[in-house]
Amino acid sequence: MADFSSRPGPGEFRSLPRRTPRPERSEFREQEDFRDRPEAGDNFSRPTRPRSGPPERSGQTEPRTERRPVGPPAGTTWPTPWVQLKYFSNQPTLYPAMIGGASPDAKPGDFVAVFDKEGRRFGSGLWNPRARVPLRVLHHGEEQVGEEFFEAQLTRALDLRQNLLGLDGSTDAYRVIHSDGDGLSGLVVDRFGDTLSVEVHSLGMFQRLGKLLPLIHQRLGTTRQVISVDDFIARVEGIRFASANDVRMVKIREHGVRYEVNFASGHKTGFFCDQRENRRRLAALVKGKRVLDCCSYTGGFALAAKVLGGAEEVTAVDLDEKAIEQGKRNANLNQARIEWVHCDAFSFARQMQRNGTKWPVVILDPPKFLLSREEELEGRRKYEDLNGMGMNVLEPGGLLVTCSCSGLIDMEGFEQLVTRAAYRLGKRLQFLDRTGAGADHPVMANCLESRYLKVIWARVW
């Protein structure tokens, strides 16, 4: 059996030779330092610092670009409150460097008119100057929209789930509002039975919950709600929120499998609806087989394999003790026999490799390993190591279902990590398909990075 180590083998990573520095180009040396230029309106001159390089040629001056004033052009008026952009972008989330200015009456949480740097109407969005994302553009276009826009977007989102997808026929657990994917940036709403689980990332959305949530309840027939706001987001957004949720848990159904959602100890909104269609697909491939579910959380894939798919034997591994306990309760709900292992997935896979134990089906659905660009190297290494260990406990020709929920890795990048893990072990990898979140997690064309979930289906031998 090939040995798999988290450290690279000898000679695997080689430092690139240092290139000889290119000579400095004179046209760059001769440019005026922007810090030495007086700002428009300054009535004093800054002393110039001595600079290296040849002196500037006399009689030649660089053209000055005058700053365009912020606000309506002379002779025109804009509807207030308004925000003007400094740079063009179709992204829904705009950061401080992209904002030119705002009208004096624009308050945190306001639904503002948005104008581009030329003074043309660009759209409408939620404004909060204190936030890390001060402007969330919800509507792009020249027409003027008001607060009625939110109800229209909500109706469109509900029509997708109920009328087009028909989700109520197979489950009572699905994503109702998917933030930017539904044109309501900063708001995530999941339905779990008779309860709405709400996650808020924007002050403007928080201020409108009193209007939006009753509309959702009326349409879906739900009666209860659980609202959560991350402490850090609450501070930077200026959201004053005291959690008073009295709903602890609720039971749901998904393709005939029953689960219990615990809002007190569950991650995110309580249950991962995004894997619903992948769980059903797995069930169709495991009848009579032995299945290993690594990073099983509360047993989503494990129970789908056993109850819906008729797997002969299912082993579920997770390091979170509370998740294992919840998984056992879920198994009892379905009268299903599953072997639960409270252990780190890496340690478990190493031990099974030493024991010579293998499975015909292995599922890898770890938590997010890559949280920021600063952690990119370490996060990618963890994904590669986990996939290699999973392949080492997979029978030749077995099915590997491997997942990543890190938005900082795209599908091609994740596929390369899985391929690299296979090549390091001298294994052959046959891709069968690539999938992602269900259609209740839509992605807008101007925010493709919200396509965070990646699932690779492959055979390995």
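The values are calculated or read from the model by the stated rules, or taken from the named source; none is laboratory data. Computed from a predicted model, the values in this text were never measured in an experiment. Cβ sites come from the backbone with ideal geometry, for glycine too, and all protein chains shown count toward neighbours.
Please go through region 115-140 and pick out each residue that is of a type in the set (A, V, I, L, M, F, W, C) and either at pLDDT below 95 or within 26 Å of Arg235 (Cβ to Cβ) (or both). Break it down into steps so the answer makes sense when it comes.
Filtering region 115-140 down to residues of a type in the set (A, V, I, L, M, F, W, C) leaves 115, 122, 126-127, 131, 133, 135, 137-138.
Once the filter is applied, which keeps residues that are of a type in the set (A, V, I, L, M, F, W, C) and either at pLDDT below 95 or within 26 Å of Arg235 (Cβ to Cβ) (or both), region 115-140 yields Leu126, Trp127, Ala131, Val133, Leu135, Val137, Leu138.
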Selection from region 350-380 of residues assigned to a loop (DSSP other than H, G, I, E, B) and among the hydrophobic types (A, V, I, L, M, F, W, C) yields Phe369, Leu370, Leu371
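Results for (1) among the aliphatic types (A, V, I, L, M); (2) at pLDDT below 95, shown as yes or no for each residue.
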{"residue": "Leu371", "(1), (2)": "yes, yes"}
{"residue": "Glu376", "(1), (2)": "no, yes"}
{"residue": "Val393", "(1), (2)": "yes, no"}
{"residue": "Leu400", "(1), (2)": "yes, no"}
{"residue": "Ser404", "(1), (2)": "no, no"}
{"residue": "Glu415", "(1), (2)": "no, no"}
{"residue": "Gly436", "(1), (2)": "no, no"}
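Suppose we keep only residues that are surrounded by fewer than 14 Cβ atoms within 10 Å (Cβ to Cβ) and over 27 Å from the mean Cα position of the chain (by Cα) within region 411-438. Which one would you say is farthest from Val176 (Cα to Cα)?
To start, the set of residues in region 411-438 that are surrounded by fewer than 14 Cβ atoms within 10 Å (Cβ to Cβ) comprises 412, 423, 426, 428, 430-433.
Of the ones still in play, those that are also over 27 Å from the mean Cα position of the chain (by Cα) are 423, 426, 428, 430.
Working: Tyr423: 41, Gly426: 44, Arg428: 40, Gln430: 35 Å.
Of everything passing the filter in region 411-438, Gly426 is farthest from Val176 (Cα to Cα).
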If we scan region 239-247, do we find a residue that is surrounded by fewer than 18 Cβ atoms within 10 Å (Cβ to Cβ), under 30 Å from Leu303 (Cα atoms) and in contact with a helix residue (DSSP H, G or I) (Cβ under 9 Å, 6 or more places away or on another chain)? no
Inside region 115-151, can you point out the residues that are within 17 Å of Arg208 (Cα to Cα), exposed (fewer than 12 other Cβ atoms within 10 Å of the Cβ) and free of Cβ contacts under 8 Å to residues at least 24 places away in the same chain? Glu148
Scan Arg132, Arg208, Arg156 and give me the residue that is more than 25 Å from Tyr259 (Cα to Cα), in the same structural domain as Tyr95 (by TED's automatic domain parsing) and charged (D, E, K, R). Arg132
State whether one or more residues within region 294-303 are modelled with pLDDT of 95 or more, over 28 Å from the mean Cα position of the chain (by Cα) and assigned to a strand (DSSP E or B). no
Given (1) farther than 21 Å from Arg175 by Cβ; (2) within 21 Å of the chain's Cα centre (by Cα); (3) hydroxyl-bearing (Ser, Thr, Tyr), where does Ser404 come up short, assuming only one miss? (1)
Looking at Ala311, is it part of a helix (DSSP H, G or I) and crowded, with 22+ Cβ neighbours inside 10 Å? no
Mind checking which residues of region 152-178 are within 30 Å of Phe232 (Cα to Cα), in contact (Cβ under 8 Å) with a residue 60 or more places away in the chain and not aliphatic (A, V, I, L, M)? Tyr174, Arg175, His178
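Quickly run through region 397-413 and pick out the residues that are part of a helix (DSSP H, G or I) and under 18 Å from Arg281 (Cβ atoms). Please lay out each step first, then the result.
Start the filter on region 397-413 by keeping residues that are part of a helix (DSSP H, G or I), which leaves 411-413.
The answer is Met411, and nothing else.
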